[in-house]
Amino acid sequence: MTHEYGFSTHIWTQKIFLKFFVLLLTLVTPHLAVAQNDDELLENFFRDNEGASESDAQLFLENLEQWKDKPLNLNTVSKEELLSTLLLNEIQVENFILYRDRMGPFLNEYELQAIPNWELSDIRRILPYAKIKSGLDARNSQLQRGFWQGDNELFLRWAQPSPPNYDPEDVEGQPNAWAVRYRHNYDNRLRFGFTAENDAGEAFFNGSNKHGFDFYSAHLFAQNINRRIKTVALGDYSARMGQGLLLQTGFAPGKSAETVSVARGGRKLNAYGAFGEAFFFRGAATTLSFGKHLDVTMLYSRRRRDANILKPDTTDGEFADQLFSSLQTSGLHRTNAEIEDEKKLGEQVGGLSATWTGKHGQISANALHIHYDQAWDPGNLAYRRYAFRGRNLTGMSLDYQYRWRNLFMFGETARSDNGGIAAVNGLLFSADRHVTLTAVHRSLGKAYQSIYGNPFAEVSGASNEQGLYLGADIRWVRRVQINLYADVWRHPWLRFGVDAPSNGREFLARVLWTKSRNFSVYALWQTETKQRNDELSRPFGLVDAQRNRFRLHAIYKIIKPVELRSRIEWTTYGIGNQSNSRGFVAYQEAVIKPLSSPASLAFRYAVFDTEDYDSRVYAFESDLFAAVSIPAFAGRGTRWYLNVHYRVNKWLKLDARLEETNTLQAATDSGTTGKERIWKLQARIKM
């Protein structure tokens, strides 16, 4: 059967799902937006981020759960703490702090409605994690008590793919993934714990991992210690400076339907206890306060990194330097090639950031130095001409934030030691109580070099890009939210797969209608155009490649414990004057949480049909706690999953997940067909 025929035979499926979608809207609208849950918050940040990692989701969800158990006190919470929740944009936080400073402590939650740019949906989003509290602040208690008081949790996880997504003959271990994590939390001020993790296919207590797990991590993190010492991090931690030109190892949302969440902010240091093995520091860091206006953050890290080591060329000398061509960030050590790259590179990082804070803003001076014990040689391909080479890299930057009336400005300018310059500058403007506008300009020089840079931009790497982003969040009409953005950019130098300077543009529009607390629906449209090599006019010809997508999504509660989620999404992808390829996915999900039952479950069934891999469709999936799943639907087939949660008692929670993808027709000639299953079990023990 040809794929064209297969695609046409699936047209009836699209029509059935569309009719079902419209029927549900008709039935539930007269009776019945839903208060946003953790899954929806995750999807807002991850649904348009194809490179999102499980570590990002884990850290985000763990922080939310911390605040749910021990809510922030809105009468004492700092600007950095509120920004760290990622639930409010910068101008909303600025308005909150200004209102509290002028009016004094809040008396009740209803008073939050008086804060400019705070809609009911924003208040409902933040209240599960922050409360109005009075009386003595818990920070008056001695931090030393936290070492024997507080909450303890032991986390155990097992997973097994069937069949394995690798050749069993090429790997050391069995198709089992294991994870163990212990963490202690006291009053959101003191955290410590350890993590041990093993991916499927990695040796476990044998082979190259005779010591047990493949990855170990530990941390101790304390904050708000006293007036002088604000933060101390020992072991593994994440760090941020400015707008991410020099340093951004923690989660930082990019372009998404949260169209005005564009500025980097929050705490500069955070504890790291995730399973990701690449983007974190290992050592010590602290933030010290010198009076009301000056804070200084110092950090040091020393660890071994996975790297692709090149054999030294001894033709020019007997002891030629050993080189590496790239860092390996997958964290997988299953095959001989992967094991050969494991911990082959020594890395040391030192950083310093000094911040002066005034009434209307702040300014920071930042410096970061990175040293490798072997030289980095990225090769001689033309697009790598300006890439970092050598053992040492130093960068310096200035960043600022300034608030004037209803205007919030931010930015950072950085210079690497080879002379490369990069700058990001933006503003948020509150046009009126119900409208927020933003603009971000980026000028990332092709010669600028940064290893840990991750600013707001189209591509990773913090270099070789100039662009302008415009975004809007409009809530003029009650219960209707409109999000828009437009982004245009150009790359002054070559990129991988693009053999000439290129440009691109992207536009998004989302309209969300919240009928009540039990029903919401949105429509999303996005189009993106990028230039790529034209295979018909090599070596220097470029051609536009355009991806379009349109989505309808609804969430509704038919009865109190039952929530249904429906989605239909279409995509098209076209290169130049060639005919477009098409993609389609639709799913129905049911989330059942009986109020009087310790058990809950979520079940989703999806069908997909794409003509090739370029027209693939991504769909966020709820997974076990602290996990994220964003599969790419390509080819033709079905997918379903079942999540089951059971609260045995106050101290034990059990979770299970079974997912299955049945690919009837592959999107590429080398693709596989048939059924693929993954089993997952998880236990969380609170002490």
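Would you mind putting 333-341, 647-655 in packing order, based on average other-beta-carbon counts within 10 Å, highest first? Each step should come with its number before you reach the end.
Values: 333-341: 17.7, 647-655: 13.4.
Output ranking for 333-341, 647-655: 333-341, 647-655.
What are the aspartates and glutamates whose alpha-carbon lies under 19 Å from the alpha-carbon of LYS653, with same-chain residues fewer than 8 places away excluded?
ASP38, ASP39, GLU62, GLU65, ASP69, ASP151, GLU153, ASP623
Can you tell me how much longer the chain between GLN144 and TYR646 gets when fully stretched, taken as 0.36 nm per residue apart minus their C-alpha distance, in nm with one decimal? Write out the running numbers ahead of the final one.
On the way: separation 502, 0.36 × 502 = 180.72 nm, distance 3.48 nm.
Difference between extended and current length: 177.2 nm.
Using a 1.4 angstrom probe, figure out how much accessible area region 252-364 has per residue, in square angstrom, rounded to the nearest whole.
Numbers: 5310 Å² over 113 residues.
Here the per-residue accessible area is 47 Å².
I need the calculated FRET efficiency for the pair TRP356 and LEU310, taking r as the beta carbon distance and R₀ as 41 Å, to the nearest 0.05. Before the final figure, lay out the partial values.
Values: r = 45 Å, r/R0 = 1.09.
Between TRP356 and LEU310 the formula returns 0.40.
Take the residue pairs LYS560/LYS650; LYS292/LYS359; LYS230/LYS268 and return only those whose Cα atoms are more than 20 Å apart. Could you put the intermediate results ahead of the total?
Values: LYS560/LYS650 23 Å; LYS292/LYS359 11 Å; LYS230/LYS268 11 Å.
Listed pairs above 20 Å: LYS560/LYS650.
How much length, in nm to one decimal, is gained on full extension between LEU536 and ALA523, taken as 0.36 nm per residue of separation minus their Cα-Cα distance? It would help to have the intermediate numbers written out before the result.
Numbers: separation 13, 0.36 × 13 = 4.68 nm, distance 3.71 nm.
Gain on extension, LEU536 to ALA523, equals 1.0 nm.
Per-residue counts of other Cβ atoms within 10 Å, averaged by peptide: what ranking do you get for 119-130, 184-195, 246-257, highest first?
246-257, 184-195, 119-130
If you take every residue apart from THR638 with its C-beta less than 15 Å away from the C-beta of THR638, what net charge results, scoring Lys and Arg +1 and Asp and Glu -1?
Numbers: positive: ARG567, ARG604, ARG636, ARG639, LYS675, ARG677; negative: GLU589, ASP609, GLU621, GLU659, GLU660, GLU676.
With Lys, Arg at +1 and Asp, Glu at -1, the neighbours total 0.
Using a basic spin-label model with each label point 7 Å from the Cα along Cα→Cβ, how many nm lie between LYS131 and THR672?
Once both label points are built, they end up 5.0 nm from each other.
Please give me the summed charge of the neighbours of TYR587: other residues whose Cβ is under 10 Å from its Cβ, Lys and Arg +1, Asp and Glu -1. Each step should come with its number before you reach the end.
On the way: positive: ARG565, ARG567, ARG604, ARG639; negative: GLU569, GLU589, GLU621.
Once positives and negatives cancel, what remains is +1.
Could you order SER579, SER325, SER162, SER330 by accessible surface area, starting with the largest, using a probe radius of 1.4 Å? Walk me through the numbers on the way to the answer.
On the way: SER579 105, SER325 25, SER162 55, SER330 85 Å².
Descending order: SER579, SER330, SER162, SER325.
Once you place label points 7 Å from the Cα toward the Cβ at VAL511 and MET396, how far apart are they in nm?
5.3
Kindly list the residues of region 364-382 that lie in the label zone of SER443, defined by a backbone N under 16 Å from the point 7 Å along the Cα-to-C-beta vector.
none
How much of the accessible area of the chain, probe 1.4 Å, is carbon plus sulfur, in whole percent? Write out the running numbers ahead of the final one.
On the way: 17800 of 31180 Å².
Carbon-and-sulfur percentage of accessible area, whole number: 57.
Tell me the mean residue ellipticity at 222 nm calculated for the chain from its helices only (DSSP H runs of n ≥ 4, each -39500 (n - 2.57), averaged over every residue, nearest 500). Before the final figure, lay out the partial values.
Numbers: 8 runs with 82 residues, N = 687.
The helix-only estimate for the chain comes to -3500 deg cm²/dmol at 222 nm.
Compute, for region 627-687, the length of the dipole vector about the Cα centre, with Cβ point charges of +1 (Lys, Arg) and -1 (Asp, Glu) only. Units Debye, rounded to 20. Walk me through the intermediate numbers first.
Numbers: 11 positive and 5 negative charges, 109 e Å.
With only Lys, Arg, Asp and Glu charged at Cβ, the dipole is about 520 debye.
Evaluate the charge dipole of the chain about its Cα centre and quote only its size in Debye, nearest 20, assuming +1 on the Cβ of each Lys and Arg and -1 on the Cβ of each Asp and Glu.
2780
For region 174-229, report the % of Cα-Cα distances exceeding 16 Å.
Numbers: 841 of 1540 pairs.
In whole percent, the long-distance tail amounts to 55.
Is the chain rounded, prolate or oblate when judged by the Cα gyration tensor, a ≥ b ≥ c being the square roots of its eigenvalues, rounded requiring a/c under 1.5 and prolate requiring a/b larger than b/c? Walk me through the numbers before you get to the answer.
Values: a/c = 1.20, a/b = 1.01, b/c = 1.19.
The shape class here is rounded.
Hey, which aspartates and glutamates would be in cross-link range of LYS311, C-alpha to C-alpha under 18 Å, not counting anything within fewer than 8 residues on its own chain?
ASP321, GLU338, GLU340, ASP341, GLU342, ASP373, ASP377
Tell me, what ³J(HN,Hα) does each residue in region 496-512 have, in order and in whole Hz, if you take phi through Karplus 6.51 cos²θ - 1.76 cosθ + 1.60 with θ = phi - 60° and put x for Gly and Pro?
4, x, 9, 8, 6, x, 9, 9, x, 7, 8, 9, 9, 9, 9, 10, 10
Mean separation of Cα pairs under 8 Å and 6+ residues apart, divided by the residue count of region 59-192: what relative contact order is that in percent?
Details: 133 pairs, mean separation 33.8, N = 134.
That works out to 25 percent.
Working out 0.36 nm times the residue gap between LEU98 and ASP373, then minus their Cα-Cα distance, what length gain in nm do you get to one decimal? Present the calculation step by step, with values, prior to reporting the outcome.
Numbers: separation 275, 0.36 × 275 = 99.00 nm, distance 4.85 nm.
Full extension of this stretch gives 94.1 nm more.
The values are calculated or read from the model by the stated rules, or taken from the named source; none is laboratory data. Quick caveat, the model's predicted, so the values are computed rather than measured. Here the Cβ is made from the backbone with ideal geometry for all residues, glycine too, and neighbour counts use every protein chain on show. Heavy atoms of the whole protein, side chains included, go into the accessibility calculation; ligands, DNA and RNA do not. Shrake-Rupley method; radii C 1.70, N 1.55, O 1.52, S 1.80 Å.
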